[in-house]
1. Output the residues belonging to the range 205-232 that are within 16 Å of the chain's Cα centre (by Cα) and open to solvent by 20 Å² or more (accessible area, probe 1.4 Å).
2. State yes or no: is TYR165 under 15 Å from the mean Cα position of the chain (by Cα) and more than 16 Å from VAL236 (Cα to Cα)?
3. Since LEU268 meets every condition but one in (1) assigned to a helix (DSSP H, G or I); (2) more than 25 Å from GLU40 (Cβ to Cβ), which condition does it not meet?
4. Which number in (1) free of Cβ contacts under 8 Å to residues at least 40 places away in the same chain; (2) open to solvent by less than 10 Å² (accessible area, probe 1.4 Å); (3) closer than 20 Å to LEU62 by Cβ marks the one condition that THR141 misses?
5. All but one of (1) of a type outside the set (S, T, N, Q); (2) over 18 Å from ILE63 (Cβ atoms); (3) free of Cβ contacts under 8 Å to residues at least 60 places away in the same chain hold for GLY181; state the number of the condition that does not hold.
6. Being in contact with a Leu (Cβ under 6 Å, 6 or more places away or on another chain), more than 17 Å from GLY189 (Cβ to Cβ) and assigned to a strand (DSSP E or B) is the filter here, so list the residues in the range 233-265 that pass it.
7. Looking at the range 57-71, can you tell me whether even one residue there is open to solvent by 40 Å² or more (accessible area, probe 1.4 Å), acidic (Asp, Glu) and not in a loop (DSSP other than H, G, I, E, B)?
8. Condition check: touching a Leu at 6+ places or on another chain (Cβ under 8 Å), charged (D, E, K, R) and surrounded by fewer than 21 Cβ atoms within 10 Å (Cβ to Cβ). Does ASP128 satisfy that?
Amino acid sequence: AAALFYIVTGGDIGDFLEKNGIDINDLWKNTATVTDGELEVHVIDIGQGDSALLFCGEETMLIDGGKIKNNQKLISRLKELNVTHLDAVICSHPDEDHCGGLSAVLASTRTDAFYCSVDSWHTKVFSDVTKYVEQQGISVTVPQAGDSFAFGEASVEFLGPVEDYGDDPNEGSLVARVRYGETSFLFTGDMGFEAEDDMLAAGVDVSATVLKVAHHGSAGSSSTEFLQAVHPQYAVISVGADNDYGHPTEAALNRLAACGIPVYRTDLLGEIIAVSDG
């Protein structure tokens, strides 16, 4: 039987089902252990930044937290989704538009594990993040390529970076794939062509069902070769409306289109939710 896999924009699954004439009881009937056996990924509409909230069984994980100025939006969304505990937080890299909102989250939400590409950085924003990590009684874990951990019935694999990029936080972004049954989600932070090429040269399997497009769709990320290797069924771009960087760029969008990959954008669609039964 085909696996249940659907993407919802705008953040309301109920509206999606109603508009598409789907009876929730039929959905439950035709899907094995849907309530206990699904992975749900929310790509939050966080403006010009990244933040994704994942649920699998009774476990919850946050990947990145957007900018400081949007931290109340993030906290409000966590409250709306009844998130009072995070089994893991992944900070792809210490840029403010990825780590800024994490201080507020860590200050108010019990967290069991914190992963980041670095354990210290020369900015107050990231120092504040690590301060709250320490107050949680945990430490920053800097994973290596090949490390993994269980997330409910899913697994989280760190695929990159495969090289040391020194003071370049973007290329040094953590690349994490969340695998659940036959479906998978690839989170790429702000990695660029160099890190992509190095991963491909190292023979890393980067294939995934859904790609979180790197660096908000910048011109220097998502090469044709990398997109072909990932071969996703869907791509999601987390980006702010009318941002100063011109993201997503025409160059990146053209490469995605040439590869035949449907693109979902938070600036146009709001929060995007993907759900899979594996």
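The values are calculated or read from the model by the stated rules, or taken from the named source; none is laboratory data. Computed from a predicted structure; not experimentally measured. We place every Cβ from the backbone using ideal geometry, glycine too, and count neighbours over all the protein chains shown. SASA here: full protein model, heavy atoms, side chains in, ligands and nucleic acids out. Shrake-Rupley method; radii C 1.70, N 1.55, O 1.52, S 1.80 Å.
1. Listed by number, the residues that qualify are SER207, HIS215.
2. Details: under 15 Å from the mean Cα position of the chain (by Cα): no; more than 16 Å from VAL236 (Cα to Cα): yes.
It is false that TYR165 is under 15 Å from the mean Cα position of the chain (by Cα) and more than 16 Å from VAL236 (Cα to Cα).
3. Exception for LEU268: condition (2).
4. The number of the failed condition is (2).
5. Going through the list (1) of a type outside the set (S, T, N, Q); (2) over 18 Å from ILE63 (Cβ atoms); (3) free of Cβ contacts under 8 Å to residues at least 60 places away in the same chain, GLY181 breaks only (3).
6. Scanning the range 233-265 gives a single hit, VAL263.
7. Yes; the residues of the range 57-71 include at least one that is open to solvent by 40 Å² or more (accessible area, probe 1.4 Å), acidic (Asp, Glu) and not in a loop (DSSP other than H, G, I, E, B).
8. Working: touching a Leu at 6+ places or on another chain (Cβ under 8 Å): no; charged (D, E, K, R): yes; surrounded by fewer than 21 Cβ atoms within 10 Å (Cβ to Cβ): yes.
So ASP128 does not fit the description; no.
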